[in-house]
Every structure is written in structure tokens, then in C-alpha cells.
1. Multiply the residue separation of residue 59 and residue 23 by 0.36 nm, subtract the distance between their alpha-carbon atoms, and state the gained length in nm to one decimal.
2. How much net charge surrounds residue 691 when only other residues with a Cβ under 12 Å from its Cβ are counted (Lys, Arg +1; Asp, Glu -1)?
3. Can you list residues from other chains, or at least 5 along the same chain, whose modelled amide H is less than 5 Å from the amide H of residue 496?
4. Amide H to amide H, which residues 5 or more places from residue 484 or on other chains are under 5 Å from it, using H placed in the peptide plane?
5. Can you give the extra length, in nm with one decimal, that the chain gains between residue 769 and residue 661 once fully stretched, where that is 0.36 nm per residue apart less the Cα-Cα distance?
6. Once the other residues with Cβ under 14 Å from the Cβ of residue 483 are scored (Lys, Arg +1; Asp, Glu -1), what is the net sum?
7. Using a Förster distance of 41 Å, how high is the FRET efficiency between residue 258 and residue 623, based on the Cβ-Cβ distance and rounded to 0.05?
8. Quick one: grab Rg to one decimal and Dmax as a whole number for the range 693-764, Cα atoms only, in Å.
Amino acid sequence: METLKAAIPESLKRAIADSNVDDLQSTCSSLHRFFLHFDPFHQIITQLADPKYGLCGKSEEDALKSKQLGNECFSNADYAKALDCYTQALRKAPLDTGDRKSNLVATLYINRATVLHKMSLLVECLRDCTRALKICPSYAKAWYRRGKANASLGNYRNAICDLNVAKIVEPSLGGKRQIEVELKILLDQCKSTSAAVQIQHKDNSCNTVGEMPQMKLQCVSMPDKGRGMVSSCVISPGSLVHSEEPYAMIILKQCRETHCHYCLNDLPADRVPCISCSIPLYCSHQCQIRAGGQMFRIYPENNDTFKKMPSDLGEYASEVIQSDDSEQEIEDITEHKHECGGVHWPVVLPSEIVLTGRILAGFLLNSTSENIVNFVERLELSHCYKHMSSESKLDSHIYATVLLYCLQHSCETMFSIDGVSISQVVIIISQIKVNCMTIVRLKSIDAHGGHFGEFPFQYGAHSTSNVEQVRVGKAIYKAGSLFNHSCQPNVHAYFLSRTLYLRTTHGVAAGCQLELSYGPQVGLWDCKDRLNFLKDEYAFHCQCIGCSEVNVSDVVLNAFHCVNPNCSGAVLESRVLDCEQQKIKHFTITDRVDKNDDISVCLNVFKQNGAYIHGQPGYCLKCGSYCDLESSQAAVSEALICIKRLQDAILLKEISSITISDALISLQSLRLNLHAYNKLIAEAEDSIAQAFCLVGELQLSVDHCKASIQILEKLYDTDDIVIAYELVKLSSILLSLDDSTAAESINRIDDIFSRYYGLHADLVFPDLQYLRKEIEKFSVKAIQ
């Protein structure tokens, strides 16, 4: 796109930079006219939208190369590599290659199923066998492999049926004899088992707890915030107030190989590719169908082979092949179908532009005669075009034009591309900027890369478990976008699969606003950083309670220590001090800041003997002593170099006693120069705790972990979800010590997660189940 941007005349760039919404049709028309006579523009569109130039189409040649490499890896017992090769072959293999008896895709599914069986991934193996049979119902090798997998799972009845079908469809006498031998062994195993265990293994789709919001909310107009959501009744903490499916959604580029492109859950080993292109991967056949609207169906009742079988066996084979298909509903317009066909504009263009394309596809592929202006108005989403930077305005003009031409190729529908249509796409892009939600997943990863309750994680392996929020996608939730922001929110947003859930974290009175955080919160960043972020990303000046009233966290988060060692006062830089003074200038200080008896800094931040005063940078807000900030900043910078060296050593698993010793000296320097509740001290304590844990000094690790949490409890509410994430670390170390006090931390984690996630807690963070099991172990020991 830089080629296009560089070629645009400066006069047109200035016009776009100075434009407002009323000027959009004119500026878009001018840019369109320029591009129409600019050959590189047409070349770029051809490269992006013409399948002949696409890099994401199906290729039998590429699939066969990956298949051959997979075969070689399998022969060398490199099963992990073979698994990857067969998956890549499946992404590239055209579905129509070969006939029903030697279909390439079916063969690849069975090859991968064999690898999965070798890796003891039996459920995944079973699913791949079924996928092969949906393509080739008479594929003897698929029925045989399915029988072996069912036998390993203890599904003896199904295994016997599978092998009986395999014997019937197997063309060779040698193959039939081998299957008969397997059947005899299996029947003997079945006889020796008192009851054959039948386990239902559904496809790897996303399931959620059926909890629904129980109260009605009202959308009202706010004087300073536009529309917002308020409660119509008193709402208790932990109440689910809203759930919603996305209007449009896109996976982030960095997660394309690790997460399902439809539900955004982790990809299993038996990931499913798109039928028509090589871009997406899905966690299940169902997600693939929902995203692309394409499915292959085989009807066994029309197959002569099944008709010749005994009726009960024929019915069994029919059920296997048609499993899940009858329940599948396909929407008329799916989110990925217009991106198929081998074109690679969905891969090249930024995620938010591809998301814009998904919104537009619903309009362009709809047979109604609605014009695009009415469509955009009907979206009822606010936009921020007039607040966008000059560069963002220019980018949105260029991408809107390029996207419309790509969609014209992909949707195979004729529509007018002119100043009106381009201007409306620019508006959608600006709507996405301020209304788009980032979908996250919680990950609990220990320092060795394992997970709670999963290999290679072991509680005794001396490792802390870190809870990370992984960004996996972006989505538009039309009703969810009506909830306004607060840096001290009373609503927590989380996601299960594609679904947005909003749950109260505090009690909410009738008629009060329900507000969630758009990212920054009190305790995470100081006020100035939050204001700048929200202005840049969402084009508004935040006036929430966290940004309009003095709070302890904003004062001490980045504060320096008073030179008087016995003083608990905070010393502020001019940047922080100016921001806090603005709160006093325009708003009233509430008495609630006086409730922290152990933090007296706020008592005299801006008032002395009942009268407000203006503090000065470098002077203690409590006792007035002067601190040389330049000297303190230099000492802090030097100390942070050692802490960063320790953090790098933790990542590399190369921790020496000297590195830890230097970090401890640096920690002492931070304590001398920074306020006791400065977040940098908490982060340093946390790094040192991880280091001590990795070298086996678990009690020292516990001490530093607790010190970090004590600071964070001053910056956040004590029952904030951030505290729960930190308690997971502490619990993992205490469990390694076999310390029964871990039960207290785990119970506290459970309580906080229940408030923030309700009945969904175990789904959002499955490791809770393992933590509870550890509590049960302590209870058993106590009884013994």
C-alpha cells in the first residue's frame, strides 16, 4: 500500500487530512478518480483478488510433496513432524482429487489418523477416520483404523462394527484375513470384559454453560458519553447482565496457526482445513461448515455396498457417516465464503480491513435493493472519523477503495464503486476503530512451558504458573458496544468461544451506568497514560470516576520515595502531578480516599488543614521534603537494567547466583528510591520470585511473591481479577512446597473467579479444577 500512498498528489493528501464526514464523498471520489488512471493500482488489485496470482489456493502438487515428507517422517518415527506435514497437505489438497476409492483428502485423513493413533491421541484419530469416511464411505482402511481406535478407547461394540464393515468393503483376501484376526482378538477382549464401555466422542466443537442474563437493561442517552447502558433494578455482584454473539468477527494474524478461525478456541491435533482454500484452520468439521458454508455429504442409503450389508450393520455405517450433519445449520451468508478461492487479500490486508469486508459481504451478497448508505445507518454504530489522525484518514481512504474492488472480484456481484460507496466503507472502518472488541483467552503457563494438570507441568517441578491473557481475535458486538468505558469498571467482559459475556464485579444500584474497561484500568496504568491511550485509540477524553477523582493508585503507581525514610508520603514527577491537579481543578475530592489508614499520602495530596494547595514536582506530598528526582531516576534506571537481565535469564533458563544477587541489590535500590507501592517494585519482586522458584529456593520465592501481591492489593481492589491471577502463581509455589496454606490462596482464587465468571469460571480457566483437587488432597491428609 505504500506504493499507492506515495503516488497520491500532496494536494489530495491535504484535502483528505482536513476532511470531515461531510467532505467524505468528495475526497473519496477524487481519490477514486486518481486510482482509476493509475496503472499500479490495477496491478495491485489483480495481484490481491485474481485467483491466478493467489498463494492461498489448493494445489495437488504441493499436497503430494507434503504427503511424501510426512511419509518419510512417519517411517523415521518422527510423529510430531509427520502430523504437521499431513496437516499442511490437507490444507493444500483439492477435495476432488482422485475418485471415491482413492481420494487424496481421504487418504491424508487416514495417514494423519495413523499418526494420531501412534501418539495415543485416540479421540482425534477417531474423528479423522470419520472425516475420511464422509468422503469415501467404502474406504476399508478408514473403517479398520476407526475400529482400532474404538478398541483402544474401550468402545468394543463400535469397534466390532467398524471391523465388520471393514471386512465387507476390503477388496483383497489377504486384507480380509487380517481383519478377521483382529476381530477374533477383539471379541476375546470383549468377552473378558464384564461390560463393554461405550464412550461418546463428539466432534471438537465449543460447548458453553447455558447461563442467561436475568435482568433487563436500558439504553439511555448520556450528556457526555452518548448512548449507554443502565440497570433497571439493583444488581448483585457476579450477575450476568449481557451475552451476545458477534455481528462480525476475525481472527488475529498471529493466531492463525494456533486457534480455530471460527470459534477462536485452541486448535486440536486433528485440525480441519477449509475445503476451498488453504487459509483457515478449524477445530472441528462443524466450525468449518459454519464459517464457510461448504460441506460434503455422502448418502449411504444410495450406496450399493451398504445395501448389501446386514441391516443393522448398514444402519450403523450410515449413522457414522452422517453424524453431526443433520444438526448442522448453514446461514445464507457465511463469514469466510467470500474470502475463498485462493485469493490472498484476506491474508495481506490488515485484520480490521478484513473484518470490514465481512461486514460488507453481508450487504453485498444480500439480494435486497437496500443502498449502502441505509445499510451503514442501520448498523447504528458510532464512529470517530473527525478525530482520526491525518495518516489514519488517508489509510482508511486507500483501504476502503482497495477492499471494494477485492470484494467485487470475490463476491462475483456487480455493484457501484464510487465516492458514495467508498465513503461509507471509510465510515465502517472508523466505526470498527471505536466499537471493536478484542477477544482474549486465558492461558496458565509455567516457567517450563507446561500447564496446570498437564504434562510436562508438575507441582513439584519448582515452577511458577503465570496467567496470561492472549489476544486471539477482534469482533463487533452491536449491543455490547453500547456499554461505556470506565477505568474503574463495574462490569467485566469475557468470552467463551465467540460469545461475549458481561458480568457485574460490584453491586450496581438501579439507574446506574454499567461500565466496562476498554483496556486501561486504575492500577494498571496511571491516569495520564490511560487518558492518552483512550484518546489515541477511541477518540474520547475519559471523565470516569477513576480519571476525575483522586485515588491512591494513581498517586503512588509511579511515585518516588520521600527522602525521609520514616515518611510514607509520595513524591511525584510533574507529568503525574499536573494530571492529579486537573482532577482537583474540575472535580471534587470525595471522602473515600481517606479510608486507607495505612496510606496517608492521599490525606495531604491537595489539602492541608481543610484547604486545597498545589503540590510541586519533587516535593513530598505529606511532609514537604525535597527529593532530587534526577538522581532518583538515574538510580532506578540502573537498577532496572539488572532486573531486565534477570528477566532475560528466566526466559533462557540460565539463572546464576550472581544474576539473582545483582537483582536483589537492585531491588533494594528500587525500595530506597521508589514509593513502597510503586508498581516497578511489584514487578521486580515477581521476577525475583520466579528466579528463586526455578533454582529451587521455594520459600524465598514465596516471600517475594507475597511481597509483590501486597503491593498490587494497594493498587487494585483486593478482590480484583488481577489479584487472582497473581495468587495462581503463589499457589503453584506453595503446592510445590506441599504447604497447606495453599488452600487459603486457592479458595480466594475460586471466590474471585466466581465473581468475575460465575458458572463459566471452569470453562474460562480450566486449571481451577486442578487447584480444587489439590485442596482435596490437603483435606484428606488432615483427616489421616
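1. Residue separation times 0.36 nm, minus the Cα-Cα distance, leaves 8.3 nm.
2. Taking every Cβ under 12 Å from that of residue 691, the sum is -4.
3. 501
4. The list, which skips near neighbours in sequence, is 229, 516.
5. Stretched fully, the residue 769-residue 661 segment lengthens by 35.2 nm.
6. +2
7. So, using R0 = 41 Å, E works out to roughly 0.15.
8. 12.6, 38
The values are calculated or read from the model by the stated rules, or taken from the named source; none is laboratory data. In this text, all values refer to a predicted model and were calculated from it rather than measured experimentally. Every residue, glycine as well, gets a Cβ built from its backbone with ideal geometry; the counts of neighbours run over all protein chains shown. Surface areas here come from the heavy atoms of the whole protein model, side chains and all, with no ligands, DNA or RNA. Shrake-Rupley method; radii C 1.70, N 1.55, O 1.52, S 1.80 Å.
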